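Peer 1: Here's a structure for you.
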Amino acid sequence: MDKLVVHGGSTLKGAINISGSKNASLPILAAAILTGEDCIIRRVPDVSDTNYMIQILSALGADVERSSGTVRITCADIMDEAPYELVRRMRASICVMGPLLARKGRAVVSLPGGCVIGDRPVDLHLKGMKALGAKIEMEGGNITLTAPNGLKGAEMDLRGESGPTVLGTDNVMMAATLAEGTTIINSAAAEPEVLDLANFLNSLGAKITGAGTRRIVIEGVKELHGVEHTVIPDRIEAGTFMAAAALVGEGVTLNRVNQEHLTAITQAIVKSGHIVKFNEAGDSCFIQRGENPIGVDLNTSPYPGYPTDMQAQMTALLALTPGISVIKDSIFPQRFMHCAELKRMGADIKTDHGMAIVRGVKELSAAPVMASDLRASAALVLAALKAKGTTEISRLYHIDRGYEHIDEKLLMLGANVERVRV
Ligand code: UD1
């Protein structure tokens, strides 16, 4: 139960490297189940979510070695039941379901519980598995999927009420790689992390086209083989540091980014009056706080729209930006837990029905605050950097789920922060 103590008022300056993407790493690690050969995956961030995934794979019987960002996984012999104790800790563990079902013809996975950002169903994952011919039973909080004669390619539409599903698309895509015949996923998620998974699967020998668009076609193959892969940069970590640089920066450079993946975030920060410049290769960006920042309206939507995972951090920036900003989260309408904590620091925010109306204030004051989920805690760190006084952010394990060594990166940029082990 570490705490982050942030002494507000310092400015950020200098350069850091952005880590590999957490959300791309999780399904890619799970996809190693699809082959009995060695998979070497590079730039896997050292965060607790990837550690949980590695623990789940080990518990399933995989041989896993990890050293400084490189993970080697061999799933020569694998079990088909994911352990509840590990699975319940992380929703993304649902993405072992597709690979287990495809490789073993049976998968038992605990139903993930709801979480603080709202009810998070898996109906679309199951719809896809059913279309591929899996028989589904639910009992005692477990989902058992069986396909003793193998999966069969099918055409399906995975659109839910809030649009496509990222992990649902991943799960079905992974399962369909070993199905007999052709699978077509309509209304697929087009996030860069889905494309990275498809690239990984294709280098394992899968035949996937259209990933990164709303229609993915998968020609089933008989088996997959081992491979080496480097995970894409984490666009949400990059966006978080971009927002921090816009809030308290005096010129911050972020290396190892992907400009294209950051388009919506860059547009929002530039519209709010700050300067963002990419190098010619598009893999490094420089952020300079603008002289006359102004509020902006935001609405989250599936990629290439503005990401829900960058809503809380932008809310923190806008809470300290002159003008009124209206922020809507169409993907997770209940994702405004950070607003209550920001208000305790003096922010002027009204939340109502999936929307936050933010009136920028001149300053925030330090207060003891509690992280409630991963991105909400990042928002609190941003607010604390600017606040007057010393803020203690408890429940730091939320931030450690998805940000690699955030305290060290902030220290490198000149922030006055310390991790306190409680
Ligand atoms: C992934 C990301 C998460 C991000 C989210 C949306 C990972 C590990 N996590 O989560 O950080 O916030 O995408 O970009 O990559 N839905 C259904 N039925 C389902 C599945 C989802 O109705 O079976 C709904 C959800 O409630 C939500 C929307 O679809 O409103 C999108 O969720 P989804 O894309 O599935 O989120 P995850 O893949 O779980």
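The values are calculated or read from the model by the stated rules, or taken from the named source; none is laboratory data. In this text, all values refer to a predicted model and were calculated from it rather than measured experimentally. FYI the Cβ positions are ideal-geometry reconstructions off the backbone, even for glycines, and counts take in every protein chain you see. Just so you know, the surface numbers come from the protein's heavy atoms only, side chains and all, with ligands and any DNA or RNA stripped out. Shrake-Rupley method; radii C 1.70, N 1.55, O 1.52, S 1.80 Å.
Peer 1: Could you give the length gained on full extension between Val420 and Glu137, defined as 0.36 nm per residue of separation minus the Cα-Cα distance, in nm?
Peer 2: Using 0.36 nm per residue and subtracting the Cα-Cα distance, I get 97.3 nm.
Peer 1: Something else: When the label point is put 7 Å from the Cα of Met355 along its Cα-to-beta-carbon vector, which residues of region 324-340 have a backbone N closer than 17 Å?
Peer 2: The answer is 324-336, whose backbone nitrogens lie closer than 17 Å to the label point.
Peer 1: Under 18 Å between alpha carbons, and skipping anything fewer than 8 positions from Lys271 in its own chain: which lysines qualify?
Peer 2: By straight Cα distance, Lys271 reaches Lys328.
Peer 1: Here's another thing I want to ask about it. Suppose R0 equals 56 Å; then what is the FRET efficiency for Glu180 and Lys362 from their Cβ-Cβ distance, rounded to the nearest 0.05?
Peer 2: E between Glu180 and Lys362, to the nearest 0.05, is 0.30.
Peer 1: Follow-up question, since we're still on this one. Return the carbon/sulfur percentage of the accessible area of the chain, one whole number, probe 1.4 Å, all protein chains in place.
Peer 2: C and S fraction of accessible area: 49 percent.
Peer 1: Cα to Cα, under 26 Å, and not fewer than 8 places away if on the same chain: which lysines meet these conditions relative to Lys135?
Peer 2: Hits, sequence-local ones excluded: Lys104, Lys127, Lys152, Lys207, Lys222.
Peer 1: While we're looking at this one, here's another question. Starting from the eigenvalues of the Cα gyration tensor, five times each then square-rooted, give me the equivalent ellipsoid semi-axes of region 309-422, largest first, whole Å.
Peer 2: 22, 16, 12
Peer 1: According to a simple spin-label model (label point 7 Å from Cα along Cα-to-Cβ), what is the distance in nm between Ile40 and Glu85?
Peer 2: Between Glu85 and Ile40, the simple spin-label model gives 3.3 nm.
Peer 1: In addition: Kindly report the accessible area of region 157-257 per residue (heavy atoms of protein chains, probe 1.4 Å, no ligands, DNA or RNA), in Å².
Peer 2: Result: 32 Å² per residue.
Peer 1: What Kirkwood hydrodynamic radius do you get for region 158-282 when you take the inverse of the mean 1/r over all pairs of distinct Cα atoms, in Å?
Peer 2: After inverting the pairwise mean of 1/r, the radius is 16.4 Å.
Peer 1: Taking the simple approach of a point 7 Å from Cα along Cα-to-Cβ for both Asn255 and His7, what is their distance in nm?
Peer 2: Computed distance between label sites Asn255 and His7 equals 2.8 nm.
Peer 1: Here's something else I'd like to know. 7 Å from Cα along Cα→Cβ at both Thr70 and Arg344: what's the point-to-point distance in nm?
Peer 2: Roughly 4.4 nm, to one decimal.
Peer 1: If you don't mind, another one. So which trypsin sites (Lys or Arg not before Pro) in region 147-225 pass both tests, a DSSP loop state and at most 10 other Cβ atoms within 10 Å of the Cβ?
Peer 2: Within region 147-225, the qualifying trypsin sites (Lys or Arg not before Pro) (loop, at most 10 other Cβ atoms within 10 Å) are Lys222.
Peer 1: So what J values fall out for region 292-301 if you push phi through Karplus, 6.51 cos²θ - 1.76 cosθ + 1.60 with θ = phi - 60°, rounded to Hz, Gly and Pro as x?
Peer 2: Per-residue couplings from phi come out as 10, x, 9, x, 9, 8, 9, 9, 6, 7 Hz.
Peer 1: How compact is region 148-209 by the rule of thumb for globular proteins, expressed as Cα Rg over 2.2 N^0.38 Å?
Peer 2: The reported ratio for this selection is 1.09.
Peer 1: Determine how many Å³ per residue the convex hull of the Cα atoms of region 197-256 encloses.
Peer 2: Roughly 92 Å³ of hull volume per residue.
Peer 1: Additional query: Write down the accessible area per residue of region 1-95 in Å², having rolled a 1.4 Å probe over the full set of protein chains.
Peer 2: Averaged over the residues of region 1-95, the accessible area is 36 Å².
Peer 1: Could you let me know the centre-to-centre spacing of region 124-202 and region 268-304, using Cα atoms, in angstrom?
Peer 2: For region 124-202 versus region 268-304, the Cα centre distance is 34 Å.
Peer 1: Find out how many positive minus negative residues lie around His225, taking Lys and Arg as positive, Asp and Glu as negative, among other residues whose Cβ is under 12 Å from that of His225.
Peer 2: In short, -3.
Peer 1: How long, wide and thick is the chain, going by the Cα atoms along their three principal axes, in whole angstroms, largest first?
Peer 2: 64, 46, 42
Peer 1: Could I ask something else about it? Reachable lysines from Lys277, Cα under 18 Å, same-chain residues fewer than 8 places away excluded?
Peer 2: Result set, ordered by chain and number: Lys13.
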